Each structure stands twice: as structure tokens, then as C-alpha cells.
Amino acid sequence: MLNSLTIKNFVVADNIQLSFDKGFSVLIGETGAGKSVIIDAISVCCGAKASLSKIRNPEKKAFIECVFSLDDKYVESNDYLKDYLDGSNELIISTSFTAKGAVTRKINGETATQSMVKRICEDLVSIHSQGSNRSLFTQKGQLDILDKFGGKDIQKKKDLFSNSLSNYKSAQKDYETFINDSKKEDPEFLKFKIEEIEKFHIKENEIEDCEKRLNDLSNEEKINDSLSQLSGLVNSYEEIKNQIKICLNDLDGTSLADKANEIKEEFNEIDGNINEIASAQMDSDADEIDRLNQRLFDLGEIRRKYGKSTKEILDKYKAMKDMYDSLQGFSEEKEKKEKHIGELKEECFKNAKELSKEREKISKILAEKVSLEMSGLSLAENGFNIKIHQKDLFDVDGIDVVDFVVRLNKGFDFASLKDAASGGEGSRIMLALKVVLQNADPSQLLIFDEIDTGISGNVAFKAGLKLYQVSMNTQVICITHLAQVACFFDKTYYIEKSVVNDTTVTSAKELDNGESIKQLGMLLSGNENSKASLDAAKELFSEANKEKNKLSKA
């Protein structure tokens with residue numbers, strides 16, 4: 001359930017802080033006071049788009065925070081919640097946004113994306129507004145309602161169908177690519193290009209190996225040239241060396257004799273090194289160099305056409321070869337793919353029919369339950385049914401077309417809901433559906449924004465009783481203008497608009513029972529101080545409590 005709500009700098013709300021409890025909470029106030037701002041704020045906090053135009057003061061950020069307390073059963077049935085809860089069942093979701101477009105969402109203090117928040121809140125909070133009725137009058141909306149009621153049983157069948165549909169579409173796409181590719185390539189020209197590469201018998205890594213070997217051989221040639229020059233200089237070196245040695249021998253017996261002997265020893269070491277280098281010869285092969293250069297020259301044309309590296313050429317060759325082979329067996333391959341598509345199409349129809357059977361079964365249960373709820377809202381007994389017919393072709397939802405039909409007056413035939421129901425009747429039917437769906441797939445919080453549109457009097461009283469009945473198991477927050485609905489309150493919140501410093505501000509406060517009854521009188525007659533309206537409000541409140549007591553004892 002929603003424990004508390006904080007709204008700052010959002011539309012006409014400067015700083016609103018409300019605490020909620022279990023049961024039936026009613027938001028009342030004059031038209032235009034800003035009641036829907038409360039619901040809008042909860043919606044934005046739960047993942048709806050944060051419109052920058054709703055920032056009250058663009059110099060400050062807007063901030064909304066919802067604090068939820070989740071029951072153990074709900075947490076256990078939604079494993080993904082355990083990633084966000086830390087030892088307790090408290091869930092804090094907040095959203096802040098600035099006029100510059102910076103939006104920050106958090107789940108229990110951790111930054112979260114809009115999709116993450118939506119994922120958590122889609123089962124946690126269910127908001128019904130006047131606009132929600134529109135889905136009730138569309139075939140797609142009615143199909144979604146039926147599938148939601150079907151729960152896991154329907155979802156299993158939908159998943160099977162979706163998987164088969166995905167495979168079918170993938171095969172269709174592959175077939176289209178195959179056909180388009182066959183039109184792009186001329187088999188004869190493709191064969192010419194394949195043979196052009198084949199005639200060179202190119203081996204794996206051949207180009208890279210040739211270039212490396214040429215580089216090595218080029219270095220060997222440079223070494224041999226240097227060695228040849230060194231050999232030519234050795235004779236001249238010997239003559240000079242001998243003359244130097246004679247001069248050094250003349251220094252024997254002098255003070256430089258030791259130094260002269262050291263030099264002669266160094267000459268001997270140098271002689272050995274020079275002779276070793278001069279006698280060396282690298283294994284350079286001019287024929288091999290010519291052969292490698294010729295090979296690279298020969299491969300030059302296919303390198304220009306098909307790729308610089310060996311891998312690029314061979315990859316291109318393989319792709320062309322595969323394409324050529326497929327084109328050679330084009331008719332056979334085309335027939336094979338068409339057969340495969342046909343098999344997948346049959347599988348789609350099979351799974352769509354299984355899904356349809358499940359929907360037929362579920363629709364009878366839903367129709368019976370909704371009819372029962374409708375009869376408690378002053379609508380004809382057994383006045384709701386669901387017609388399903390199958391299309392010849394399937395789409396993403398299968399082959400079913402769903403039509404909610406109603407009989408709103410005894411003695412009349414069933415007619416399509418979109419043609420037969422007025423605004424007030426549509427609201428009551430949507431309420432009946434919400435009650436049934438809530439029992440099948442309970443949310444932690446149900447919010448109704450003027451669900452009572454188009455009804456009044458005793459019908460409104462029954463709608464209020466129905467809302468209270470739902471709130472016995474699920475927290476309900478309701479915006480209403482009708483005393484007959486508001487009288488079932490467990491808590492009442494008064495939303496008021498005022499002008500502060502030439503600026504409109506919406507405020508909200510919780511009312512006690514006495515204040516709540518006064519506001520019921522205001523809703524009844526427009527005058528909270530009128531004794532007649534106050535007496536009527538007290539009587540209405542008393543009647544509502546009698547009905548509430550009956551339910552609690554049942």
C-alpha cells in the first residue's frame with residue numbers, strides 16, 4: 001500500500017505531504033482545486049513521462065516521492081522486487097526533474113531508469129481515469145482485458161504463439177533476402193570471378209608470408225654487400241697494421257713498451273673478429289627474390305578487386321562460392337524455403353487456435369463474474385457477454401476479434417458495448433471489470449479518478465459501496481464529486497486551491513469525521529453550513545456505515 005506521498009514544485013502543488021492508510025481514501029474538493037494533480041504526481045513517480053511544463057517554478061526542481069509498504073505475499077510472487085528490497089518490505093520511489101530536462105529516478109535510494117520504475121509499478125499501482133474508459137470501447141482494449149483476466153494460463157498460450165510467429169517472420173525475412181540476393185547476382189559473372197581467384201591457387205596467409213620472406217631476403221642482400229666491401233678493405237688494413245706493428249716493436253725496452261704490447265694484443269683480437277666477419281656469407285638467393293616478387297605481382301590484380309590481405313580474398317571467394325552454389329540450386333532452395341515457411345505458418349495457426357480455445361474458456365468465466373458485479377451496480381442481470389470470432393489471418397494477437405456485448409435493459413437484445421453504453425453505464429461497467437480483474441490479479445493500490453462520471457443518486461451509492469468492498473482487500477484512493485461515493489470513506493482528504501503572493505497554490509489536508517461529514521453536505525447542496533444538507537450528510541454517512549458493517553460481518 002501507499003504509506004506517504006510528497007509533492008514539491010509540481011503544477012499548482014508547492015509542497016504537499018500526505019500520509020495514507022489501508023482501506024478507502026477519498027479525495028474531495030471543488031472543481032479545479034487540483035485533485036487530479038495528486039493522481040498525476042503518483043503517475044509520474046510510477047514511470048509516466050515527466051513533462052517539463054508541469055514544473056511550477058523553473059528555477060527549482062520538481063520532486064515527487066511515494067513510500068510503499070508491500071505485503072509478504074506480494075513480494076514473494078514478484079521475485080524481481082528482491083533486487084530492490086533490503087531486509088524490509090518498504091519501497092521508496094522518487095522522481096525529480098528540472099526545467100533543463102534532467103530527470104532523476106530512484107528506487108530505495110538507487111538511481112533507476114524509467115523502464116525499471118515502470119516494471120515495478122505496473123503491477124503495484126493501477127490507475128483508472130476517465131480516459132481509461134476509451135480502451136473499454138476498442139477491440140484491442142477488450143482483448144487486453146480478457147487476456148489480463150486469463151493470467152498465467154492465457155500467457156502460456158500467448159508465449160507459444162508469439163514464439164511461432166517470431167520464427168515465421170524470421171523465415172519470411174530470410175526468404176525475402178534470398179530472393180533479393182538472387183536478383184543482384186548474375187550466375188555467369190559470379191562464376192567468372194570465382195574462377196579468376198581459383199586460377200591463382202592462393203593459399204592461406206600466402207601474401208603475408210611472401211612479404212615477410214622478401215623483407216628477410218632484402219636484409220640478407222644488404223649484409224652481403226657490406227661483407228664484400230669489407231673483404232676489399234682487409235688487404236689495405238694488413239699493410240697499415242704491419243707498419244704500425246714495426247713502430248710498436250721499436251718501443252721495446254722503453255717506458256711505453258707495456259702500452260705498445262697492449263696495443264699489439266688488441267690488434268690480434270681485432271684481426272680475429274675482422275677475419276670472422278669477412279669470411280661470413282649470408283644465404284641470399286636472388287632467384288627466390290625474383291620468384292616472390294613475381295608471385296606478388298601476379299596476385300596484384302585480384303588484390304585490387306577482392307581485398308589486400310589473403311583472408312579478405314578467401315572470405316570473398318567463399319561468399320561468392322556459397323552464393324553461386326545456392327543459385328545453381330535456386331529452384332530447389334526456393335522450394336525448400338517456401339515449404340519451411342508453410343510449415344511455420346501452420347504452426348502459427350495451430351498455436352493461435354489453442355490460444356483462441358483458452359480465450360473462449362476464460363471469456364465465459366469473465367462474463368459471468370462481470371455480470372454479477374454489474375447487477376450490483378443497478379445494471380441488468382446477466383447483462384454482459386463476450387463474443388469471439390476468428391479472422392482468416394493471424395496478427396500479433398492471434399486470430400481472435402473480441403467484442404464485449406451488453407444488455408443494459410431487460411427485454412432488449414445484446415448489443416456491442418461501444419454502441420449501447422452511455423458515459424455513466426460505461427463507468428459502471430469499467431468499475432465492474434476493475435473489481436473482477438483486481439480479484440484475479442491484485443495490485444497493491446487502486447486509484448480511481450472520477451470513476452463516478454455520469455451517475456448519481458442510488459446508483460452512485462452502490463458504486464461507492466462497490467469501491468469500499470474492493471478496499472477491504474486492497475488500498476483504494478478515489479477522486480469523487482459525489483457524496484454518495486465519498487460517504488464510504490475510511491479517510492478523507494480535502495484539496496483546496498488558494499492564492500498566495502499572487503500565485504495559485506493547491507494544498508491538501510486530512511479531515512476528521514466531523515469535517516468529512518460537513519464536506520459531504522457541501523457535495524450534496526453546495527452549502528456545508530445548511531442544517532438540511534448537514535442532516536442529509538449525517539444520514540448518508542450513517543447508511544454507508546450500516547452497509548460497511550454488513551460487509552465486515554459477512
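Just so it is clear, none of the values below were taken in a lab; they were calculated from the coordinates. The shown structure was predicted, so the numbers you read here are calculated from the model rather than taken from an experiment. Using ideal geometry, Cβ is built from the backbone for each residue, glycine included, and neighbour counts are taken over all protein chains shown.
Taking amide H as placed 1.01 Å from N in the peptide plane, the amide H of T453 sits under 5 Å from none that are at least 5 places away or on another chain. When a/c reaches 1.5 or more, the comparison of a/b and b/c decides; with that in mind, is the stretch 1-141 rounded, prolate or oblate per its Cα gyration tensor? Since a/c stays below 1.5, the shape of the stretch 1-141 is classed as rounded.
Pull out a ≥ b ≥ c, the square roots of the eigenvalues of the alpha-carbon gyration tensor of the stretch 258-415, then state rounded if a/c is under 1.5, prolate if not and a/b is larger than b/c, and oblate in the remaining case. Taking the square roots of the gyration eigenvalues as a ≥ b ≥ c, the stretch 258-415 is prolate. Where only DSSP H runs of four or more residues are counted, the chain gives -19500 deg cm²/dmol as its mean residue ellipticity at 222 nm, each run worth -39500 (n - 2.57).
The residue among N15, L52, Q519 whose Cα reaches farthest toward the positive pole of the charge dipole of the chain, with charges on the beta-carbon of Lys, Arg, Asp and Glu, is Q519.
Taking amide H atoms as placed 1.01 Å from N in the peptide plane, the amide H of S530 has no partner under 5 Å among residues 5 or more positions away or on other chains. Amide H contacts under 5 Å for H128: I447, F448, D449, restricted to partners 5 or more places along the chain or on a different chain, H placed in the peptide plane at 1.01 Å from N.
Simple spin-label estimate for N167 and Q328 gives 3.1 nm between the two label positions (7 Å along the Cα-to-Cβ direction from each Cα).
Applied to the stretch 491-497, the Karplus parametrisation 6.51 cos²θ - 1.76 cosθ + 1.60 on θ = phi - 60° returns per-residue 3J(HN,Hα) values of 9, 10, 10, 9, 9, 9, 10 Hz, with x for Gly and Pro. Shown for the chain are the DSSP H helices of 24 Å or more along their axis, judged by Cα atoms, with a mean Kyte-Doolittle hydropathy of at least -0.5: 423-440.
Across the stretch 71-85, rounded Karplus estimates of 3J(HN,Hα) from the backbone phi angles (6.51 cos²θ - 1.76 cosθ + 1.60, θ = phi - 60°) give 7, 4, 4, 5, 5, 5, 7, 10, 4, 4, 5, 5, 5, 10, 8 Hz, Gly and Pro being marked x. Here the extension length gained between R119 and V75 equals 14.4 nm, from 0.36 nm per residue of separation less the Cα-Cα distance. For trypsin sites (Lys or Arg not before Pro), the sites in the stretch 92-138 that DSSP calls loop and that have at most 13 other Cβ atoms within 10 Å are K100.
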